[in-house]
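Here's the structure we're looking at; comments come further down.
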Amino acid sequence: MAIEKTITVTPANAHSEAPVPYLRHSRVQIALAFGIAAVSDVISWVALFPPFDWLLDAVTALALFLTLGKRWGLLPGLAAEAIPGMGVFPVWVLVVASILVYDGIKKPVRA
């Protein structure tokens, strides 16, 4: 289900180096990830009982993993949701936003 576009970035000062590819998510993937995160945050805001919340967070992390691919940024979100009282914040929406923002930042190229 993970459809990704490959974008090639060529540094301005690198003449002999190969271009550095990185993956961007499609608009459908981004919308789906934000939808999953928003629904999970709304349901966890109700906070029925802890085992249900843990199961909901595990299912949310798995769904985001399948949608966005392997991203280490999902683990802090899962840990933050395990803290009692954090359900009042839109943690999953913030996790998805941070993954999308930091995926756009490219690593510096060594000269």
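The values are calculated or read from the model by the stated rules, or taken from the named source; none is laboratory data. Computed from a prediction, not measured in an experiment: that's the story for all the values here. In this analysis, Cβ positions are derived from the backbone assuming ideal geometry, glycine residues included, and neighbour counts consider all displayed protein chains.
Among the conditions (1) modelled with pLDDT under 85; (2) in contact with a Phe, Trp or Tyr (Cβ under 8 Å, 6 or more places away or on another chain), the only one that TRP45 does not satisfy is (2).
Within the bounds of segment 103-111, is there any residue that is modelled with pLDDT of 80 or more and either of a type in the set (Phe, Trp, Tyr) or surrounded by 15 or more Cβ atoms within 10 Å (Cβ to Cβ) (or both)?
no
Is it true that some residue in segment 71-87 is charged (D, E, K, R), over 14 Å from the mean Cα position of the chain (by Cα) and modelled with pLDDT under 90? There is at least one residue in segment 71-87 that is charged (D, E, K, R), over 14 Å from the mean Cα position of the chain (by Cα) and modelled with pLDDT under 90. If I ask for residues that are surrounded by 19 or more Cβ atoms within 10 Å (Cβ to Cβ) and touching a residue at least 60 places away in the same chain (Cβ under 8 Å), which ones from segment 60-98 would you list? If the condition is that a residue be surrounded by 19 or more Cβ atoms within 10 Å (Cβ to Cβ) and touching a residue at least 60 places away in the same chain (Cβ under 8 Å), then THR67, LEU68, VAL96 are the ones that fit. Tell me which residues, restricted to segment 31-56, are under 17 Å from ILE83 (Cβ atoms) and among the aromatic types (Phe, Trp, Tyr). Listed by number, the residues that qualify are TRP45, PHE49, PHE52, TRP54.
Note on segment 39-58: residues that are under 16 Å from ALA97 (Cα atoms) and in contact with a helix residue (DSSP H, G or I) (Cβ under 6 Å, 6 or more places away or on another chain) total 2.
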